[in-house]
Every structure is written in C-alpha cells, then in structure tokens.
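Report on the structure given below.
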Amino acid sequence: MKKQRTGMTEAYYKKGDRIELTVSALDEDGYGIGAIETSQVKVSGALPGERILARIEHVGRHSLTASRLKLIESSKERCKSPCAKVKECGGCQLIEMNYPAQLAWKANIVTNHIKQHKSLVHTEILPLLASPKVFEYRNSAKLVIGGKFLDPLIGIYRRESHDIQDIANCPLHNPLINKIVSVVKRGIVKGKIPIYSPRSAQGLLRYLLIRVAETENRAMVTIVTSKRSFNELHHLVTLIKKEIPEVTVIAQDVNSSAGNAILGNQNFFYTKKISLETTVSGIRFLISPHSFFQVNSGSAGLIYNLVREFSSLTGKENILDLYCGVGSISIFLSSSINSSLGIESIEDAVKDAKLNAKINRAFNCDFEAGDVVEVMKHIQNSDSKYAVAVINPPRKGCEEAVLNQLASLQLPRIIYVSCSPASLARDLTILDNLGYSCLKIQPVDMFPHTTHIESVALLNRR
C-alpha cells in the first residue's frame, strides 16, 4: 500500500485499484507517463495526450505502474494494432502508435541524449531513416519454451516478468518463423517431450532459435536443450523436416547451465548442412547457430551503405572492423578499400567471417578472434597503418579501455554503429575528450514498433 500526503488529504493506492489520469509523455521504455496526486504513474499501452482508465499493477516507493483498461480520450497518433495479443505481450511497445509518430519519437530520443552533452551540442543529427519493411521484417527469433508438453508455450517473457507470453502469429516475424513455431509446438505435444523447468532444473526443452534467409526462403532451427537426449528429439526433428522443407539446417545446442545464457557450448546437427546461407545487399553470408546477424536485413543494408558513405573511401584505405561479427561490414566494403582487419571475441563468428570472405572473394579481408584491446595493442606495436575504424559494439557500448586504445592508434576517422542512444552519447563524449569530434549522426529504424534505435556516427580526429 502506498500512502501519500497532499495538503490535508491522504491518498492510498494498492494493486488492483482503478485510476483515471491524463498521459503527458512516453518514456524510453514505451510507457505512458502520467501523474495522480504527487505520484508518477507508468502505464503500458498509453500514448501522450490520452485520458485513460487504468489498473494499478505495482506500487513502488516513488511511482506506480499500471495497465490501460479503457481509453476515455484517444490520441490522434493511435492506430489499430495488427496483433491480437498486444496487451498481454508488451514486446512491441509502440505498435499502437502510427509509424510516422514512431519515427518522430525515436528521432527525439536520439536528439535528447546527444544534446545533453556539451561536447556534442553542435553535432548534426540527420532525419531518422525508416525501415524498408514495417511488418514481417524480423528474420530471426530467440524464443523461450515453457509450460507442459501437453500445452506448451513458445514465446517471450512478458515485460518485467518471467511469465511466458505465447507467440503464435507475430506480425513482426517473417511468416516462415511463425510456421516453424506452430509445427514445433505440435511436435512437442505429439512426442510428449518434457519441457525444462528453471525451478526444478528438470526437463529437456529450453529455447527455440530460428533464422530465416529471406531471399532464399530457407531457415535454420536450433533447439536448445538441457542435455543431449537424441531419442526424444528425433521425432520432433522428423516432423519439422516433413512439414517444412524450407528448413535446411536443424541443430541441437546443449545448455546444462542454470544461468540466463541461452546457448551452451555443444552443437549437434540433424542435417547435412550446418550453416544457413543468406544474401544481404548482394553479399552472401553463411550463418551458424552461434553467429550474430542483423535481425532486419533491409535496415542492415541501409547501415552498410551509411558506413561506406561516411568512410569517404578511395580504394587505398586499410580499415579496422571492431566487433565484426560474421564480417558483414568488412565484406560489404571490400571492393572500396585496400584491406580490412576484423576483430571479434566469438571464435565461431570469426570462422564464419573467414568463410564469408572466401565465398564472396573478398580476399583483402582478414579476421582475428580475440580481445579487442589486446589485438589493438598488437597493431600499435606493428607497422600496420589504418585510416578508418568501424566499431559496432553491443548495446552497453564500449569499455573505456577500448576507446582509449582506439584513440591511441590516431586513425583519421571513426565510424560508430550503435544500438543504444544512451551508450552512444556517453562513448562519443569520451572520444571527444580523446581528440575525436563527432560531425554527424544518422539514426536508423532497425526495429519498427519497438523502442530500439540504431545510429551511425561519423567522427574525425582533430
């Protein structure tokens, strides 16, 4: 129960209470923000300018969290959701906001983060680029398996919860993903395959990973289990092969750990092929179960072109590609550079990168597995000279040691590909202190209907 004083009155709020309020803003997690008495209220499924009836779901020390029950006054930016489970799921926080309004909101998020830093106030922020596809753009899915084998759940965790939201026909998924989920669910029931329980640490099935090669209409399915158990998976694999011939790679990944990591260290294949071949912007890629690859191929193409444009390549440059993954950026730039060195800590990704370079005849691209800082130290002590560094770190951004080591190489130009405006602004400020000015930033919508935002930044050495 929450107790508040407002003048001579006292207000009490508890879970389940119904409140009426006006939403004034949308926070970076996609929650509508309103106020009642002196308390801030976060409401899922509410847009700025709306008057709503809401139900309190959680009472915190300084704020309330609620869910929308009824729209009293609707926003002009509201649109009808194509998803029947929008309220239960919460995975697409902006799906009830029309797409132009989503783009404007995301552009504002980037601007707010960048302009908070004095060293970045003069940085040019270009108009946000829309995704070529607004629906069915996701070519991969990492789904958790839960429930019982007679009534399995395959989906994602609900927001701020460990309850699994079953996903049957997600409008953001490539249709082949939805088809595979349906068949796997049926196979679990038919084969009575036990599902893993984190509480008891008993059961077999843990996660279902799907990747789709869009241009080829082919898919790779990875079933993550708690142990090897070949016999229990055999009938499920047979059903997938029979009903979905588009699935050309089926792998079992064994993860016996009790942690939150999805993948383990052991892979077993039920198909002759052990990697999925796909094409993005004319470049062929082979992807293995452990490889990272962009979820939205159309927006990935936009980003690759931006990196090439910002790099101002003449064909004579040697480039560094940090956090290179399966080598997509290096290979895309290979015809416009002298050479590239990609650095990635995941050895399987580096193996894929070398193979991808070979099948694309990008013989001027080399890749090395290892710690980014340590490899750059080795470069600093060698005779190698690089003109451009492309960095594409995870959402948390770069460790300061990486930025310090990168700056010590004194490269004329850095291209920073980011998936978090907050960590991007932080790292650009650090790089500014190290002698690199950010000239411009191009935001890109990689994930329509969600709060995620990609950006490409150009930095020059002063």
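Condition check ((1) in contact with a helix residue (DSSP H, G or I) (Cβ under 9 Å, 6 or more places away or on another chain); (2) buried (at least 24 other Cβ atoms within 10 Å of the Cβ); (3) within 21 Å of Ile379 (Cβ to Cβ)) across all residues:
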site: Ser312; (1), (2), (3): no, no, no
site: Gly315; (1), (2), (3): yes, no, no
site: Asp321; (1), (2), (3): yes, yes, yes
site: Gly327; (1), (2), (3): yes, yes, yes
site: Ser339; (1), (2), (3): no, no, yes
site: Gly342; (1), (2), (3): yes, yes, yes
site: Asp348; (1), (2), (3): no, no, no
Which ones in region 425-462 are free of Cβ contacts under 8 Å to residues at least 60 places away in the same chain and of a type in the set (Phe, Trp, Tyr)?
Tyr436
Suppose we filter Gly91, Gly34, Gly49 for residues that are within 28 Å of His162 (Cα to Cα), modelled with pLDDT of 90 or more and not assigned by TED's automatic domain parsing to the domain that holds Ser420; which single one remains?
Gly34
Step by step: first the residues of region 272-288, then only those that are assigned to a loop (DSSP other than H, G, I, E, B) and touching a helix residue (DSSP H, G or I) at 6+ places or on another chain (Cβ under 8 Å), then the one that is farthest from His234 (Cα to Cα). Which residue is that?
Ser281
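With the requirement that a residue be of a type outside the set (Val, Ile, Thr) and within 24 Å of Phe230 (Cα to Cα), what does region 163-180 give you?
Lys179
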Select the strands (runs of 3 or more DSSP E) contained entirely in region 409-462, then report the ones holding at least 2 residues which are of a type in the set (S, T, N, Q).
436-444, 454-461
Checked pairs for region 181-195, first over 14 Å from Thr225 (Cα atoms), second assigned to a loop (DSSP other than H, G, I, E, B) and modelled with pLDDT of 95 or more, C-beta under 8 Å and 6 or more apart or across chains, list as Val183/Ile244; Gly187/Ile193
Do any strands (runs of 3 or more DSSP E) entirely within region 35-74 hold 1 or more residues that are of a type in the set (D, E, K, R), more than 26 Å from the chain's Cα centre (by Cα) and surrounded by 15 or more Cβ atoms within 10 Å (Cβ to Cβ), and if so, which?
51-59, 63-73
Could we say that Ile167 is under 30 Å from Asn108 (Cβ atoms) and at pLDDT below 95 here?
yes
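Please report, ordered by residue number, the helices (runs of 4 or more DSSP H) entirely within region 318-403 with at least 3 residues that are β-branched (Val, Ile, Thr) and either without any contact (Cβ under 8 Å) to a residue 60 or more places away in the chain or within 22 Å of Pro289 (Cα to Cα) (or both).
372-380
Residue-by-condition table, conditions (1) in contact (Cβ under 8 Å) with a residue 40 or more places away in the chain; (2) not hydroxyl-bearing (Ser, Thr, Tyr):
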| site | (1), (2) |
| --- | --- |
| Val237 | no, yes |
| Glu243 | yes, yes |
| Glu246 | yes, yes |
| Ile250 | no, yes |
| Asn260 | no, yes |
| Phe285 | yes, yes |
| Ser288 | yes, no |
| Asn296 | yes, yes |
Residue check: is Pro152 within 24 Å of Ser197 (Cβ to Cβ) and modelled with pLDDT of 95 or more?
yes
Of those in region 196-229 that are touching a residue at least 24 places away in the same chain (Cβ under 8 Å) and of a type in the set (Ser, Thr, Tyr), the residue surrounded by the most Cβ atoms within 10 Å (Cβ to Cβ) is Thr225
Could you check, for region 408-424, whether at least one of its residues is in contact with a Gly (Cβ under 7 Å, 6 or more places away or on another chain), closer than 26 Å to Met446 by Cβ and either surrounded by fewer than 19 Cβ atoms within 10 Å (Cβ to Cβ) or free of Cβ contacts under 8 Å to residues at least 24 places away in the same chain (or both)?
yes
Among the residues of region 136-157 satisfying the criterion of being under 16 Å from the mean Cα position of the chain (by Cα) and not in a strand (DSSP E or B), which is surrounded by the fewest Cβ atoms within 10 Å (Cβ to Cβ)?
Glu136
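The values are calculated or read from the model by the stated rules, or taken from the named source; none is laboratory data. What you see is a predicted model; the values in this text were computed from it and never measured. Note that we place each Cβ from the backbone using ideal geometry, even for glycine, and neighbour counts take in every protein chain shown.
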